[in-house]
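Heads up, the thing below is written out as structure tokens.
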Amino acid sequence: MSIDALRGVAALGVVLYHTVAQTQHAVPVNVFKLPVQVIQFLSSFGYVGVFLFFVISGFCIHLRWAKARAAQQFEQIQFGGFWKRRIRRLYPPYLIAFALFLGLAALTTGINVTHLFVYDLVMHLLMLHNLDPQTCYSINGVFWTLAIEEQLYLAYFLLLFLRTRWGWGATLIICGLARISWFLLAHVAWLMAGYNIPVPEAAASHWFTWALGAIAVEAWFGLVQLPKWCRSSRIGCLTLALALATSLGLPLIQKDTVLHDLGWLLIHPAWGFAFFVLINRALEAEQSWLIGRYTPRLIAILASVGVFSYSLYLTHELVIMQSWRFSFTALPPMVNTLLIVTPATVAFAWLFFQFCEKPYIKKLSMKRPSFETALEPVFASTIPTLADEG
């Protein structure tokens, strides 16, 4: 429940980031000027929902391994089986959303089939489009994070090897070095060849953040022991405040300086660590809800959104692009954004989930291995609603 609720928070944060940012003439020249500016400021940090998604992804992908080890089952996760589950679960909805965007482009601006278009198409189909600045934000500007996810799934087996062989301390250091190494590679490529390698859009840049989620699920099953402060609400709020302060201060620092580079290297892991603490605290809170047989209403609402958060992420830009068709021009722009456009993105995503995502979840659940099914009565309270991530 708590993981699904956090999924809902992350998805809604990203949606508000895009809906509010794309609202034209949003700030009125009247008494509502300040409230609208506050909404703009708060929603401008909705993009950090992406980092929360990365931590949750690491948690859910590693869930299968952690459950098995907690039950003294030492069956290895097979590479082929893992990818079959991933493709069956995620790729069909992605292809449908991808086709919707291409169809919309064909009906509106038209499609010019050039070598670049074919290259762009192939890069998206192979989930490699985040590696080239020409394709990273084309077609749908949010799909680059999905490519990162696929590449992190590929790196998961290396993560498992490192974690099993050397433990989490050395593994986290290697994950952090991967971010630094990619940054240096991009810098050298630019200086020597003038070639622009995307850095914030690279999987190596977020491997550390993703690994924190894997640690969180092991801690939840008692496979590793975390200090109490890793579940502290105060520490969580403090780390969120530090990440926020770094985000606000970084644009004020002169670029190409050591201080700016250091801030850039730390900013994304800082958000990731803050969300890591938040997830640990949320799981602890969920345990108390289960004991009291009570779930806060807000958590239940957010969890219901979290169930179809993948569909919401896939389709919200499509709805925003078409919002001019159903917006009420008589309403103030920000009111229209918050009360019409944003709910419309959620409603369309729910329909997309029902017809384009949920059928593949059902097919996958029927193919789940027997040892995992046997664990469900024991660990039911710890399994996200979409318990098919691993």
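Per-residue packing, averaged as other Cβ atoms within 10 Å, sorts the ranges 48-59, 21-32, 212-223, 132-143 into the order 48-59, 212-223, 132-143, 21-32, beginning with the highest.
Exposure check, 1.4 Å probe, all protein chains in place: ILE235 carries approximately 50 Å² of accessible surface.
For the range 164-240, what is the Kirkwood hydrodynamic radius in Å, using each pair of distinct C-alpha atoms? Walk me through the numbers before you get to the answer.
Values: mean 1/r = 0.0686 Å⁻¹.
Computed over the range 164-240, the radius equals 14.6 Å.
Among the protein heavy atoms, those of GLU284 account for about 70 Å² of accessible surface (1.4 Å probe, every chain in place).
Applying a 10 Å radius around every beta-carbon, put 287-298, 268-279, 77-88 in order of their mean neighbour count, most first. Intermediate results must be reported in sequence, preceding the final value.
Details: 287-298: 10.7, 268-279: 24.7, 77-88: 13.8.
Per-residue Cβ counts within 10 Å, averaged per peptide and sorted highest first, yield 268-279, 77-88, 287-298.
Within the range 29-77, none of the trypsin sites (Lys or Arg not before Pro) combine a DSSP coil assignment with at most 11 other C-beta atoms in a 10 angstrom radius. For the chain, carbon and sulfur atoms together expose 69% of the accessible surface, with a 1.4 angstrom probe and every protein chain in place.
Compute log10 of I(q)/I(0) for the range 69-150 with the Debye formula, placing one identical point scatterer on every Cα and leaving out solvent, at q = 0.23 Å⁻¹, to two decimals. Taking Cα atoms of the range 69-150 as identical point scatterers yields -1.14. In the chain, the calculated helix contribution to ellipticity at 222 nm averages -22500 deg cm²/dmol per residue, counting -39,500 (n - 2.57) for every DSSP H run with n ≥ 4.
With a 1.4 Å probe and all protein chains in place, put HIS115, HIS18 in order of accessible area, largest first.
Working: HIS115 175, HIS18 35 Å².
Ranking HIS115, HIS18 by accessible area, largest first, yields HIS115, HIS18.
Relative contact order for the chain using alpha-carbon pairs under 8 Å, separation at least 6, rounded to a whole percent? About 33 percent, as a whole number.
In this structure the chain gives 49 Å² per residue of accessible area when probed at 1.4 Å with all protein chains present.
Rounded to whole Å, give me the distance from the Cα center of the range 194-272 to that of the range 59-96. Going from one Cα centre to the other spans 25 Å.
Across the range 46-52, computed HN-Hα scalar couplings (Karplus, 6.51 cos²θ - 1.76 cosθ + 1.60, θ = phi - 60°) run x, 4, 5, x, 4, 5, 5 Hz from first to last residue, x flagging Gly and Pro.
Please list MET1, MET123 from largest to smallest accessible area, probe radius 1.4 Å, with all protein chains kept in place. All intermediate terms of the calculation are to be shown ahead of the outcome.
Numbers: MET1 75, MET123 25 Å².
Output order, biggest surface exposure first: MET1, MET123.
Spread over its residues, the convex hull of the C-alpha atoms of the range 206-263 is 100 Å³ per residue.
The values are calculated or read from the model by the stated rules, or taken from the named source; none is laboratory data. Since the model is a prediction, treat every value here as computed from it, not as a measurement. Neighbour counts are summed over all protein chains in view; Cβ atoms, including those assigned to glycine, are modelled from backbone coordinates with ideal geometry. Protein only, heavy atoms only, side chains kept; ligands, DNA and RNA dropped before computing areas. Shrake-Rupley method; radii C 1.70, N 1.55, O 1.52, S 1.80 Å.
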